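Student: Following this message is one structure expressed as C-alpha cells.
The values are calculated or read from the model by the stated rules, or taken from the named source; none is laboratory data. Since the model is a prediction, treat every value here as computed from it, not as a measurement. Cβ coordinates were reconstructed from backbone atoms using ideal geometry, including for glycine residues, and neighbour counts include every protein chain displayed.
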Amino acid sequence: MTSDKNAISGVSLAKSSDKPRIEDSVTINVKFSITGAIREAFNERNWEKAYNNHDNTFKLKYGVKLHTGGLRKKEIGKPLDTYKKVALFWTRNPKLTQMGEKKVWVQVSKNFEPTIPNSQSEAQQLFLDFDEKIQFNASELGVGKHKIGAEVYVSWYKHDYAEQFDETAHSKEIEIEVTK
C-alpha cells in the first residue's frame, strides 16, 4: 500500500441550459473522481490477495447535494445517496485476467446494475470516477439569477488493500438565470 492520501478531486458542475424558463426542469451534471492510494491499490495483484484473505466485497458509499449560493444556502433537488460495490470472483475466462496465472477478477455494481470490466484501468474508472445527473424544477429557484453549488461525500471501511476513508468536498458555484 502506498502512503499517498486518498482525496475527492475534480468536482465540477455542468448545467443543461443557461436560461431555463420557470416551468422547465433543470439538469445539473456533477462529476468527480477519487484519487490517491486507492486508485493505485485497486489492481489485479491486490484483488487476488484480498480474495485469498476472504475480503471479497468493497462497498463505496457516496452522495451528492445541490444547494443555492449566498448566505442562506437552500438545498435544491433530491439529494443523491447511493453506493458502488465491487465483488471479487474466481474466473476461468482467459480474456479477463491480464496476469497469466491469476484468476481473480472484479464485478462493479452501481444501483444493482453489475458490470464486468475488460481491463484493470476500466475497473478503476467504473469504480472511482463519478458522473451523476440531478434534476429539479426551475420553479424551486424562482425567477432571477442564482448560484448553484454541490457538496459530495465518499466513504468506505478498511479493506485488505485500502484504509478507511470518509471525506466531503465542494464544487465551485455556477450561475443559472431563470426566466418567465
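Student: Considering every residue within the stretch 53-63, establish whether at least one is among the small types (Gly, Ala, Ser), closer than 19 Å to Leu128 by Cβ and surrounded by 13 or more Cβ atoms within 10 Å (Cβ to Cβ).
Tutor: Yes, some residue in the stretch 53-63 is among the small types (Gly, Ala, Ser), closer than 19 Å to Leu128 by Cβ and surrounded by 13 or more Cβ atoms within 10 Å (Cβ to Cβ).
Student: Tell me, which strands (runs of 3 or more DSSP E) wholly within the stretch 32-146 include 1 or more residues that are of a type in the set (Asp, Glu)?
Tutor: So the answer is 75-90, 113-115, 129-137.
Student: What is the number of the single condition among (1) more than 23 Å from Phe58 (Cα to Cα); (2) crowded, with 16+ Cβ neighbours inside 10 Å that Ala123 does not meet?
Tutor: With respect to (1) more than 23 Å from Phe58 (Cα to Cα); (2) crowded, with 16+ Cβ neighbours inside 10 Å, Ala123 is out only on (1).
Yes/no per residue for (1) among the acidic types (Asp, Glu); (2) out of contact with any His (no Cβ under 9 Å at 6 or more places or on another chain); (3) modelled with pLDDT of 95 or more:
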residue	(1), (2), (3)
Lys95	no, yes, no
Lys103	no, yes, no
Lys110	no, yes, no
Glu113	yes, yes, no
Pro117	no, yes, no
Gln125	no, yes, yes
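Student: Which one of Ser109, Ser155, Ser139, Ser121 is out of contact with any helix residue (DSSP H, G or I) (no Cβ under 9 Å at 6 or more places or on another chain) and over 22 Å from Lys31 (Cβ atoms)?
Tutor: Ser139
Student: Looking at Lys133, Lys84, Lys95, Lys74, which is the one that is surrounded by fewer than 17 Cβ atoms within 10 Å (Cβ to Cβ) and in contact (Cβ under 8 Å) with a residue 40 or more places away in the chain?
Tutor: Result of the check over Lys133, Lys84, Lys95, Lys74: Lys133.
Student: Between a first residue in the stretch 20-37 that is closer than 25 Å to Gly10 by Cβ and in contact (Cβ under 8 Å) with a residue 12 or more places away in the chain and a second residue that is crowded, with 21+ Cβ neighbours inside 10 Å and aromatic (Phe, Trp, Tyr), which pairs have beta carbons less than 6 Å apart while being 6 or more apart in sequence or on different chains?
Tutor: Phe32/Phe130
Student: Name the one entry in Ser16, Ser3 that is modelled with pLDDT under 95, out of contact with any Ser or Thr (no Cβ under 6 Å at 6 or more places or on another chain) and hydroxyl-bearing (Ser, Thr, Tyr).
Tutor: One residue alone meets the criteria, Ser3.
Student: Could you please let me know if Ile116 is closer than 28 Å to Ile22 by Cβ and surrounded by 15 or more Cβ atoms within 10 Å (Cβ to Cβ)?
Tutor: So Ile116 does not fit the description; no.
Student: Checking Leu13 against (1) more than 18 Å from the chain's Cα centre (by Cα); (2) in contact (Cβ under 8 Å) with a residue 12 or more places away in the chain, only one condition comes out false. Which one?
Tutor: (1)
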